[in-house]
Amino acid sequence: AHRDVFNVLLQVLDDGRLTDSLGHTVDFTNTLVVMTSNVGSQMIQEITKEKGSDEEIREAVQESLATRFLPEFLNRIDETIIFHPLDERHIHRIVSFQLEQLVKQSHKAGITLQCSEAVVDEIARLGYDPMYGARPLKRVIQQQLQNELAKELLGGEFTEGDQVTVDFKQDEFLFSKQAD
């Protein structure tokens, strides 16, 4: 982040207040500030692959933070929480949750949507990046499922009351309407 952003954060973290250019002051004394960063994520991946300890991970992350942020900023942070990389089981759970949201959204449009386990597996494969975690999953679901479902609805292939099944076979997502 830009130096000016850190200066603002230092004011909030140090003084518990923030004053804007017009002289308006906002009280931050009863505020919990949560910040996230990918600093050290590559090291976490490597140490985890090598079956390193939590202490090794913490030391590597602290070193990365020290090279990236000024000491006066780091000294105002009370706690650093390090999250372990997501594994395949976590990704599948996240995909299932995201697909449940799509099913609910489809239900509002009058469509009963069901996704096969092969769809869950493929979305997990396409949407997981060790560096970015599960962030790309929503985009993959939108591109591979939501957009295609919308095209089918707009094209009249599916209508209100239809039961639609999505499967993944031979490298493609297949949408089919269940017979009444």
(message) Projecting each Cα onto the charge dipole of the chain (Lys/Arg +1, Asp/Glu -1 at the beta carbon, about the Cα centre), which of His90, Leu13, Gly155 comes out farthest on the positive side?
(response) Gly155
(message) Past 32 Å, Cα to Cα: identify those pairs from Lys51/Lys104; Lys49/Lys108; Lys138/Lys169; Lys108/Lys169, in the order given.
(response) Lys51/Lys104; Lys49/Lys108
(request) With only Lys, Arg, Asp and Glu charged, each at its Cβ (+1 for the first two, -1 for the last two), find how big the charge dipole of the chain is about the Cα centre; round to the nearest 20 debye. (result) 280 debye
(message) Please give me, ordered by residue number, the GluC sites (Glu not before Pro) of the stretch 77-180 that lie in loop per DSSP and have at most 13 other Cβ atoms within 10 Å.
(response) Glu79, Glu160
(request) Take every DSSP beta bridge whose two residues both sit in the stretch 96-180, then give the antiparallel share in percent to the nearest 5. (result) 65 percent
(message) Given contacts defined as C-alpha pairs under 8 Å and at least six residues apart, what's the relative contact order of the chain, whole-number percent?
(response) 16 percent
(request) Sum up the charges of everything whose Cβ sits under 12 Å from the Cβ of Ile82, counting Lys and Arg as +1 and Asp and Glu as -1, but leave Ile82 out. (result) -4
(request) Count neighbours as other Cβ atoms within 10 Å of each site's Cβ, and list the trypsin sites (Lys or Arg not before Pro) in the stretch 1-75 that are DSSP loop with at most 11 such neighbours. (result) Lys51
(request) Just grab the label-to-label distance for Thr31 and Glu63, each label 7 Å out from Cα along the Cβ direction, in nm (one decimal). (result) 3.5 nm
(message) Net charge within 12 Å of Ser116 by Cβ-Cβ distance, Lys/Arg positive one each and Asp/Glu negative one each, not counting Ser116 itself?
(response) -3
(message) Can you compute the FRET efficiency between Thr48 and Leu154 using 1/(1 + (r/R0)^6), with r the Cβ-Cβ distance and R0 = 35 Å? Round to the nearest 0.05.
(response) 0.20
(request) Would you indicate which of (1) 20.6; (2) 30.1; (3) 15.5 is the value of mean projected area of the Cα convex hull in nm² derived from the coordinates of this structure? (result) (3)
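Throughout, read-outs are computed from the coordinates displayed, never taken from laboratory work. Owing to the predicted nature of the structure, the values given are computational and were not obtained by experimental measurement. Don't worry about glycine lacking a Cβ; one is built from the backbone with ideal geometry, like all the others, and counts go over all protein chains shown.
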